[in-house]
Amino acid sequence: MYVRAPYSYCSLSCALCTLNAAFKGQMPLFPAFSFQISMARRQRLLVIGLLIFISVQWTLCVSEDELHADYWNNKGKQALHSALNIQPNIRQAKNLILFLGDGMGVTTVTAARILKGQMAGHSGEETSLVMDTFPYLALSKTYNVDQQMPDSAGTATAYLCGVKANYGTLGVTAATPRENCSASYGNEVKSILYRAKKAGKSVGIVTTTRVQHASPAASYAHSADRDWYSDSDLTPEAVANGCRDIAHQLITNVEINVILGGGRQYMYGRETKDPEYPDERGDRVDGRNLIAEWIKNKTRVKYVWNKAQLDAVNPLNTDFLMGLFEPKDCRYEIDRDRTTDPSLTEMVEKAVKILQKNPKGFFLFVEGGRIDHGHHAGRAKRALTETVEFDRAIGRAAEMTSELDTMTVVTADHSHVFAFGGHSYRGNPVMGISRSIAKDKKRFTTAVYGNGPGYQISENGSRPDVNGTISSHNDYRQQATVPLSSETHGIEDVAIFAKGPMSHLFHGVQEQSYIPHAMAFAACLEPYENCELPDNARAICPSLLLLMMGLLFLFLS
Ligand SMILES: [Zn+2]
């Protein structure tokens, strides 16, 4: 617990280093001020700055408790006690929730954790995300069949359908090259959402992107190209061979009970005006209204497109809900209009209330989809505030369900080339700058990118200086090493956090495609209906192995 502490080593060293650096002219105390001021005024500013610094450090930096061995020993004992009490829950899971942070690598998780703490007025490092409290953890190998650096479509096929796929393809095996419609026939793979529906459960998808986006789409669609959102996106080859767009598949392939996110424009024709932005129109060329088609022949069904309408939905008399809150993706959490657009947490809350009425349970896929977009734009603040909201949604779902019958899995599809490091005192703002100065005598942020639009090296080889005010702006782009218009995904493993029935199955380093196998097994879904490994999935049996070795011996002798 954080208490007002006697001035600690950390605060003192930070303050002294700041003072020293400021007198040397290396680091202004107030980034908005330059050093083109008188010596007397500078000294007065330094004193005032130091006082502010000390008072801030007083509450933000190191707790008195942390100076004593007892604090860490007790913390260690408590964690050990919790670990010793962990008993694998081997019941059958009634409900399954899969939370997917798009692009949420481990670095993003750490930075979001600290940001969450700092948003609550703490130092941050000691804070726990909700996902941090899950008892079981594994690493996921994210590569696509044809690419070392994966994308969201190939990875979604892995973590939703249990089969790795090619970059840019979804709901089909790797026998389907990207954009090759004809090769997709016969190579469709079924998702865990489909299998849960088949077992009588209610199913839902919730995302901050368009609902036809790669991640949610792999739960219901089979497409040789992730970009075939509406019929106007189909290639001539796809049209000639009868492939259907993803929006069409959303309403025809499997009856999804709850569909919440963005993506209105792919659902109706170009003659139809958007209800929120009258200057914008639908994207379809076939003239169909897929929303009306979805509603037709359903009872206890609602369609909404703004927060007030969503708030008014009574879950008790609603079994089908489609909410499309933007023409394309939902807005970033930091840009969200709180009166017109629901948060991810609010969408999850409504979804769970509707789905959990089913006595046979439910499957829910929840995507924090714009973490990825913030990173691609090289704007870490956007990616990280999305991650904090994503974690809040995980917390809300945890409050509404029981760990005894609900398996919850949190993971990412892939990482990003986002790095978080540099000399920083305890409680240093996540969007702040390093305490040390770089070799070019300029400051640098502790959050940086390996590549992307944040590349700022000028013609003469120099880079711009930065201070905490500049770097904490919502649209600030952290500096990147290599100039690219869009920052890229990372290749390293991502984490899988799990809790609830059979969550101990998540251990070690796994192929990403293992995830829906473990989840299906936990809920006894196809192909594990009997909660047993089917015969064809067992390891090669010992007698067969002995026979083969015997034959090999005879052949060689
Ligand atoms: Zn991406």
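Put a plus charge on the Cβ of each Lys and Arg, a minus charge on the Cβ of each Asp and Glu, and nothing anywhere else: the dipole of the stretch 383-443 about its Cα centre is then about 860 debye.
Neighbours of MET131, meaning other residues whose beta-carbon lies under 12 angstrom from its beta-carbon, give a summed charge of +2 when Lys and Arg score +1 and Asp and Glu score -1.
Placing pseudo-labels 7 Å out from each Cα toward the beta carbon at ASP70 and ARG91 gives an inter-label distance of 4.0 nm. Compute the long axis of helix 9-24 from its Cα atoms, compare it with the longest principal axis of the Cα atoms of the chain, and write down the angle in degrees, 0 to 90, nearest 10. Helix 9-24 sits at roughly 60 degrees to that axis. Does the stretch 174-226 classify as rounded, prolate or oblate by the C-alpha gyration tensor (a ≥ b ≥ c root eigenvalues; a/c under 1.5 gives rounded; else a/b over b/c gives prolate, otherwise oblate)? In terms of gyration-tensor shape, oblate. As a calculated quantity, the FRET efficiency between PHE555 and GLN147 at R0 = 45 Å, using C-beta atoms, amounts to about 0.70.
The gain in end-to-end length when the VAL301 to ARG270 segment is fully stretched comes to 8.6 nm, 0.36 nm per residue minus the alpha carbon separation.
When the alpha carbon gyration tensor of the stretch 131-247 is reduced to an equivalent ellipsoid, the three semi-axes, largest first, read 24, 17, 13 Å. Its Cα gyration tensor gives the stretch 326-392 an equivalent ellipsoid. The semi-axes, each the square root of 5 times an eigenvalue, are 26, 13, 10 Å from largest down. Against the longest alpha carbon principal axis of the chain, how many degrees, from 0 to 90 and to the nearest 10, is the axis of helix 106-119 turned? The angle comes out near 60 degrees. Note on the chain: with charges restricted to the Cβ of Lys and Arg (+1) and Asp and Glu (-1), its dipole about the Cα centre is near 1240 debye. The order of the peptides 230-243, 162-175 by mean Cβ neighbours within 10 Å, most packed first, is 162-175, 230-243. Compared with the alpha-carbon gap, the fully stretched path from ASP405 to GLU255 is longer by 51.6 nm at 0.36 nm per residue.
Classify the stretch 57-126 as rounded, prolate or oblate, taking a ≥ b ≥ c as the square roots of the eigenvalues of its Cα gyration tensor: rounded when a/c is under 1.5, otherwise prolate if a/b is larger than b/c and oblate if not. Here the stretch 57-126 falls in the oblate category. Against the main long axis of the alpha-carbon atoms of the chain, helix 380-400 sits at an angle near 60°.
With 27 Å as the limit on Cα-Cα distance, the pairs of LYS94/LYS328; LYS116/LYS198; LYS116/LYS302; LYS141/LYS350; LYS198/LYS353 that go past it are LYS94/LYS328; LYS116/LYS198; LYS116/LYS302; LYS141/LYS350. For the chain, the percent of C-alpha pairs falling in each 20 Å distance bin, counted from 0 to the bin holding the largest distance, reads 20, 48, 26, 6, 0. Dipole of the chain computed with +1 at Lys/Arg Cβ and -1 at Asp/Glu Cβ about the Cα centre; of ASN187, THR207, SER513, farthest Cα towards the positive end is THR207.
Pairs of Cα atoms nearer than 8 Å and 6+ residues apart set the relative contact order; for the chain it is 21 percent. Could you point to the residue in THR445, PHE99, VAL482 farthest towards the positive end of the chain's charge dipole, with +1 and -1 charges on the Cβ of Lys/Arg and Asp/Glu respectively? Farthest along the dipole direction, towards plus: THR445. Per residue, the convex hull spanned by the alpha carbons of the stretch 315-433 comes to 152 Å³. Taken about its Cα centre, the stretch 63-140 carries a charge dipole of roughly 520 debye when the Cβ of each Lys and Arg holds +1 and the Cβ of each Asp and Glu holds -1.
Does the stretch 402-466 come out rounded, prolate or oblate by the C-alpha gyration tensor, with a ≥ b ≥ c the root eigenvalues, rounded set by a/c under 1.5 and, if not, prolate when a/b is larger than b/c and oblate if not? Oblate.
Working from label points 7 Å from Cα in the Cα-to-Cβ sense, the MET119 to ARG331 distance is 1.6 nm.
In the chain, taking the dipole from charged Cβ atoms about the Cα centre, the farthest positive-side position among HIS473, ALA175, VAL301 is held by HIS473.
Every read-out reported here was derived from the displayed coordinates using simple, explicitly stated rules and does not represent laboratory data. These numbers come from a predicted model, not from an experiment. Here the Cβ is made from the backbone with ideal geometry for all residues, glycine too, and neighbour counts use every protein chain on show.
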